[in-house]
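Before any comments, here is the structure.
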Amino acid sequence: MLLYILRRLLSAFSVVVVTLVASFALFFLAPSDPAGVICGPKCTPDRLHDIESSLGLDQPAAKQLGLYMKGIVLGRDYDQGGTVQHCSAPCLGYSYSLGQPVTKLLGAALPVTISIVLGGALVYLTIGILAGTIAAQVRGTPLDRITVGTTMVVNSIPYFVVAVLVALYATFLPHSEYHPFLDNPLLWATGLLSAWLTLGITNAAAYSRYARASMIESLGQDFVRTARSKGISERRVVYRHGLRAALTPVATIFGIDLAIQLTGAIFTESIFGLPGIGLLTLRAFGKYDLPVLMGGVLVGAVVLVVMNLVVDIVYTFLDPRVRLG
């Protein structure tokens, strides 16, 4: 397994490097003028030259990329209005609009996004797997049809519509705001409750269908029939033997969904006013703040490759037939 993990880490590193180079080319080498956007419509040529020089935008493209990658490994210095600021590694640049290191901005926003996504995941995994398992046990009954029909109705409604309705009309839920977990766990949970329930209930519909289909297949396998023939209780057959095998495909979907939600929680954060990575990058896009956008892309690439590796490793624990090699 160690050799497999090392190979995957090398592959993941190459993916991150290619993503970094491609996104750098798209953002920094595009036919645009970030210095002009920063300076404004009444910008003088001297002021424009000063901004380009301080940000390194007057350097050749290859040198800009080299300085950016050097900053990630060793850190770099920036000229901020005549004052040299050191950005410690991993340095992802300075925000054009906020004048702060991108790593600092992402470090403040990342816990918010992680809190939203993990809390919502706990809700939709619990509801979805439980509902799907029960529906699989009573396949073909009215309860099964109601479960499947409800999930299809919920999935037919766009997520942002559900989020807006909850934000406008669910006045019985606590006001959405973020408090650090270590400062006050209770305020942390109550401030994120609306986002958790919205994200959880909408995604639970899909996961209940995934779990139902996987459980139906699992309960028809030979090892389940063998367990029943030995006189093992139905509860143990379903939840210890059948569910364990059924979770393998669900884990695959969950790993990818979790990575996507960590890098794409923009609707949740915008609607509920939570200062996560999605809201940070949305505001950066409005101000053409390229270093922040680059940092968001790099974080997204790292999250995706790490989650893919984690899912592959978790396979071996959920399904003994799977071996890494």
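Of 103, 281, 126, how do they rank once you tally other Cβ atoms within 10 Å and put the fewest first?
126, 103, 281
Quote the FRET efficiency, to the nearest 0.05, computed for residue 130 versus residue 270 with a Förster distance R0 of 35 Å and r equal to the Cβ-Cβ distance.
According to the calculation, E is roughly 0.70.
Read phi for every residue in region 189-196 and hand back ³J(HN,Hα) as whole Hz from Karplus 6.51 cos²θ - 1.76 cosθ + 1.60, θ = phi - 60°, with x for Gly and Pro.
Whole-Hz 3J(HN,Hα) from phi for region 189-196: 6, 5, x, 9, 4, 4, 5, 4.
Based on the Cβ-Cβ distance of residue 118 and residue 46, what FRET efficiency does E = 1/(1 + (r/R0)^6) give at R0 = 41 Å, to the nearest 0.05?
For residue 118 and residue 46, the calculated efficiency is 0.25.
Cut-off 10 angstrom, C-alpha nodes, Gaussian network model of the chain. Which of 119, 149, 255 fluctuates the most?
Maximum among the listed residues: 149.
Compute the helix-to-body angle for 159-169: its Cα long axis versus the longest principal axis of the chain, expressed 0 to 90° and rounded to tens.
The two axes meet at around 90 degrees.
Could you state the angle between the C-alpha long axis of helix 277-286 and the longest principal axis of the C-alpha atoms of the chain, as a value from 0 to 90 degrees rounded to the nearest 10?
Here the helix axis deviates by roughly 40 degrees.
List the longest stretch of the chain that has no exposed loop site; here a site is one of the trypsin sites (Lys or Arg not before Pro) assigned by DSSP to anything other than H, G, I, E or B, with at most 10 other Cβ within 10 Å.
Longest gap between qualifying sites, sites excluded: 43-229.
Grab the DSSP H runs of the chain that are 4 residues or longer, score each as -39,500 (n - 2.57), total them, divide by all residues and round the 222 nm result to the nearest 500 deg cm²/dmol.
Taking each H run of at least 4 residues, the total per residue is -24000 deg cm²/dmol.
Lysines near residue 42 by alpha-carbon distance under 26 Å, same-chain residues fewer than 8 away left out - which ones?
287
Relative to the longest principal Cα axis of the chain, at what angle does helix 142-156 sit, 0 to 90 degrees, rounded to 10?
With both axes taken from Cα atoms, the answer is about 10 degrees.
Starting from the 7 Å offset along Cα-to-Cβ, what nm value, one decimal, do you get for the label separation of residue 110 and residue 168?
3.6 nm
For residue 87, what residues show an amide H to amide H distance below 5 Å, using hydrogens built from the backbone and excluding near sequence neighbours?
76, 77, 78
Output ³J(HN,Hα) for region 96-101: one whole-Hz value per residue in order, computed from phi by the Karplus curve 6.51 cos²θ - 1.76 cosθ + 1.60 with θ = phi - 60°, and x for Gly and Pro.
Per-residue couplings from phi come out as 5, 8, 9, x, 10, x Hz.
The chain: longest stretch without exposed chymotrypsin sites (Phe, Trp or Tyr not before Pro) (DSSP loop, at most 15 other Cβ within 10 Å), sites themselves excluded?
Longest site-free region, per DSSP loop and neighbour criteria: 1-171.
Which residue fluctuates the most in the chain, going by a Gaussian network model with Cα springs under 10 Å, if the choices are 26, 118, 219?
Result for the chain, Cα springs under 10 Å: 26 fluctuates most.
List every residue whose amide H lies under 5 Å from the amide H of residue 94, counting only residues 5 or more places away in sequence or on a different chain, with H placed 1.01 Å from N in the peptide plane.
Answer set, sorted by chain and number: 102.
Pairs of alpha-carbon atoms within less than 8 angstrom and 6+ residues apart define the contacts here; what relative contact order does the chain have, in percent?
Once normalised by length, the contact order is 23 percent.
Whole number please: convex hull volume per residue of the Cα set in the chain, in Å³?
Considering the Cα atoms of the chain, their hull volume per residue is 180 Å³.
Gaussian network model of the chain, Cα springs within a sub-10 Å range: biggest mean-square fluctuation belongs to which of 141, 252, 113?
Top of the fluctuation ranking is 141.
Describe numerically, in nm with one decimal, the distance between label points set 7 Å from Cα along Cα→Cβ at residue 260 and at residue 77.
4.6 nm
Once phi is turned into θ = phi - 60°, what whole-Hz ³J(HN,Hα) does the Karplus curve with 6.51, -1.76 and 1.60 give for every residue of region 114-130, x standing for Gly and Pro?
Values per residue, Gly and Pro as x: 4, 4, 5, 5, 5, x, x, 5, 4, 5, 6, 5, 4, 5, x, 5, 5 Hz.
Just to be sure I understand the model, the point goes 7 Å from the Cα along the line to the Cβ. What's the resulting residue 21 to residue 181 distance in nm?
3.7 nm
Among 242, 304, 280, pick out the residue whose Cα is farthest towards the positive end of the charge dipole of the chain, where Lys and Arg carry +1 and Asp and Glu carry -1 on C-beta, about the Cα centre.
Positive-end residue among those listed: 242.
Computed from the coordinates by the stated procedures, all read-outs in this text should not be read as laboratory data. Treat the numbers as computed from the prediction; the structure is a model and nothing was measured. For neighbour counting, all protein chains shown are included, and Cβ atoms are generated from backbone atoms with ideal geometry for every residue, glycine included.
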